[in-house]
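The values are calculated or read from the model by the stated rules, or taken from the named source; none is laboratory data. None of the values given here were measured: they were computed from a predicted structure. Here the Cβ positions follow ideal geometry from the backbone for every residue, glycine too, while neighbour counts run over all protein chains shown.
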Amino acid sequence: MAADKTTAPRAQALQALQNVSLTKRLTDAHAQILTPQALEFIAELHRAFDWRRLKLLQQRLAVRGHIRGGGLPGFSEETREIREGDWTVAPIPDDLQDRRVEITGPVERKMIINALNSGASVYMADFEDAHSPTWNNCIEGQINLRDAVERGIAFTSPAGKEYALNDQTAVLFVRPRGWHLPERHCLVDGQPVSGSLFDFGLFFLHNAKRQLELGTAPYFYLPKLENAAEAKLWNDVFGFAQDWVGMPRGTIRATVLIETILAAFEMDEILWELKDHSAGLNCGRWDYIFSFIKTFAQRPDFVLPDRSQVTMERHFLSSYVELLIHTCHRRGIHAMGGMAAQIPIKGDPQASEQALEKVRQDKLREVKAGHDGTWVAHPALVPLAKAVFDEYMPQPNQIDRKREDMETTPADLLAVPDGPITREGLRHNVDVGVQYLESWLRGSGCVPIYNLMEDAATSEISRTQVWQWVRHAATLEDGGPVTADLVKQTILEVLEDRKQNLGADLFAESKFTLAARLYEQMMTAPELSEWLTTIAYDHID
């Protein structure tokens with residue numbers, strides 16, 4: 001581990017930690033986060049839990065193989081007693097009773113300030129899908145969150161505009177990376193640590209006690225879980241962490257994003273495993289669609305139509321929503337709605353109003369279904385979403401709506417929607433996917449594209465859907481098949497459009513050529529890659 005002269009004493013202290021090393025230079029600012037105590041904590045988390053994480057990731061692949069061979073997921077008989085039992089999770093903390101509007105975004109300094117000031121009930125600071133995990137992004141994000149917790153965060157734009165926190169701010173949640181993502185710049189015993197444990201551990205160690213002093217607590221969102229065993233791993237991590245700093249167990253609370261089709265069959269079990277640390281479940285709908293495609297990608301009987309056809313009114317998605325609300329309310333905890341990705345359209349009032357009306361109708365559907373709150377991606381959408389929930393949910397939440405009349409079957413969750421596959425849909429997948437990946441490779445994981453705020457889920461849906469179409473030679477609406485050659489030609493057309501829009505010089509400086517090459521490989525390869533981000537991670541600093 002190299003260090004500047006100003007950080008030499010700190011570097012020597014870190015080197016004293018047995019078999020813990022960093023692959024990046026340690027600046028003064030970074031050293032305030034990557035202290036010897038913090039790295040000792042990360043190392044302890046790694047040694048205690050990483051073997052379990054790796055084992056669970058292997059089990060995911062075994063499940064994929066079972067489904068590829070013709071099997072289908074379902075509700076487990078082994079855990080029937082949990083699903084049918086009469087139990088609830090721990091009581092809801094006071095500052096989490098009302099979560100009617102939550103805003104999400106990356107851990108950039110200006111965005112953190114704007115999100116905390118947005119008027120939303122909760123701000124979810126994202127180290128995951130809205131985040132490109134460059135080393136600087138990860139550590140600067142931890143610095144920014146530390147400053148936000150201390151209420152000392154400030155930012156001055158290049159134009160001289162100053163940003164600071166209001167007296168009243170949103171409650172802070174943090175989303176670490178998923179179990180599948182490593183942090184290759186931090187090594188313990190020669191192995192990269194888990195990105196999940198790295199993000200969680202640094203935030204928790206530096207901020208948890210201060211949050212308690214300020215009348216709140218360490219709250220987290222947990223992404224990409226596929227089963228209750230993965231939730232149990234998080235629960236054990238929470239217990240270990242609280243013991244390590246001398247904090248009562250149950251202080252940490254976490255909301256699990258149900259954004260995989262397999263987790264949909266284990267909602268009760270996930271809440272059970274996190275019972276003392278649970279803050280409910282959330283409909284992570286874009287990743288859920290990606291998971292549905294990826295899980296059944298090898299199955300010709302599970303080919304989905306154009307992404308624009310896969311709306312929340314479709315039976316498999318509305319069934320998932322109903323099951324999540326029913327499960328959460330039965331267990332006495334929040335059932336959170338999904339993301340509105342629209343952003344204001346400047347210079348076109350009519351188009352902007354149409355976009356806002358889509359958001360309004362989406363939030364109306366959620367609150368009437370029984371959700372206790374919802375997500376937005378832009379501060380301008382907070383008042384709109386809040387107005388809808390205020391009208392139909394004047395109380396802090398609607399957990400008392402138990403939906404006892406509802407019953408969801410495996411067939412409901414696995415109902416494949418019909419609809420056309422079009423050249424326009426193929427072109428849109430390639431275009432948006434390549435644009436997003438290019439930005440991600442440059443270090444930006446939250447990207448406005450065609451008036452939507454896109455994150456990694458968009459690119460994942462796009463590339464897995466195209467792969468599935470190619471794999472099964474899906475028939476286009478005009479009668480032709482989707483082939484690898486057609487995909488490659490579409491990529492060339494998209495690249496030419498980008499070059500024309502940017503100009504030759506800016507295009508040459510961009511990452512579009514690399515993004516297109518990676519995307520082509522993933523969409524036309526014999527086997528479907530598990531994660532776009534793990535492949536692209538090798539191409540960022």
(request) Quick one: count up the residues across the range 108-126 that are in a strand (DSSP E or B) and farther than 16 Å from V447 by Cα. (result) 3
(request) State all residues of the range 93-107 that are under 23 Å from the mean Cα position of the chain (by Cα) and assigned to a loop (DSSP other than H, G, I, E, B); if no residue qualifies, say none. (result) Q97, D98, R99, R100, V107
(message) Of all residues being in contact (Cβ under 8 Å) with a residue 24 or more places away in the chain and in contact with a helix residue (DSSP H, G or I) (Cβ under 7 Å, 6 or more places away or on another chain) in the range 479-495, which is nearest to V416 (Cα to Cα)? Just the residue, please.
(response) V482
(request) Those residues that are among the small types (G, A, S) and either in a loop (DSSP other than H, G, I, E, B) or more than 25 Å from Y436 (Cβ to Cβ) (or both), I need them from the range 127-164; list them, please. (result) A130, S132, A148, G152, A154, S157, A159, G160, A164
(message) Taking the criterion of being within 30 Å of Y436 (Cα to Cα) and at pLDDT 95 or above, would at least one residue in the range 86-99 satisfy it?
(response) yes
(message) Take residues that are within 26 Å of E496 (Cβ to Cβ), over 20 Å from the mean Cα position of the chain (by Cα) and of a type in the set (F, W, Y) and tell me which of the helices (runs of 4 or more DSSP H) falling wholly in the range 375-479 contain 1 or more.
(response) 456-471
(request) Would you mind telling me which numbered condition in (1) surrounded by fewer than 20 Cβ atoms within 10 Å (Cβ to Cβ); (2) in a loop (DSSP other than H, G, I, E, B) K55 fails? (result) (2)
(message) Where the second residue is loosely packed, with under 12 Cβ neighbours inside 10 Å and assigned to a loop (DSSP other than H, G, I, E, B) and the first is not assigned by TED's automatic domain parsing to the domain that holds E322 and lies in the range 336-363, which pairs have Cβ atoms under 6 Å and are six or more apart or on separate chains?
(response) none
(message) Can you find a residue that is of a type in the set (G, A, S), closer than 27 Å to F296 by Cβ, out of contact with any Lys or Arg (no Cβ under 8 Å at 6 or more places or on another chain) and not in a loop (DSSP other than H, G, I, E, B) anywhere in the range 491-506?
(response) no
(message) Considering only the range 506-529, I want to know if a residue exists there that is in contact (Cβ under 8 Å) with a residue 12 or more places away in the chain, in contact with a Pro (Cβ under 9 Å, 6 or more places away or on another chain) and surrounded by fewer than 16 Cβ atoms within 10 Å (Cβ to Cβ).
(response) no
(request) Answer with yes or no whether P36 is under 18 Å from A228 (Cβ atoms) and surrounded by 14 or more Cβ atoms within 10 Å (Cβ to Cβ). (result) no
(request) Provide a single number: the residues in the range 380-408 that are among the β-branched types (V, I, T), closer than 19 Å to H326 by Cβ and out of contact with any Cys (no Cβ under 9 Å at 6 or more places or on another chain). (result) 1
(message) So D400 ticks every box in (1) on the phi < 0 side of the Ramachandran plot; (2) surrounded by 15 or more Cβ atoms within 10 Å (Cβ to Cβ); (3) not assigned by TED's automatic domain parsing to the domain that holds T483 but one. Which box is left unticked?
(response) (2)
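The rows are residues; the columns are (1) part of a loop (DSSP other than H, G, I, E, B); (2) crowded, with 24+ Cβ neighbours inside 10 Å; (3) in contact with a helix residue (DSSP H, G or I) (Cβ under 8 Å, 6 or more places away or on another chain).
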| position | (1), (2), (3) |
| --- | --- |
| N166 | yes, no, yes |
| L197 | no, yes, yes |
| F200 | no, yes, yes |
| L225 | yes, yes, yes |
(message) Just to verify a result, which residue in the range 69-92, among those that are polar (S, T, N, Q) and not in a helix (DSSP H, G or I), is nearest to I333 (Cα to Cα)?
(response) T88
(request) Go through A264, A229 for me and flag whichever is within 22 Å of V89 (Cα to Cα), in contact with a helix residue (DSSP H, G or I) (Cβ under 8 Å, 6 or more places away or on another chain) and crowded, with 19+ Cβ neighbours inside 10 Å. (result) A264
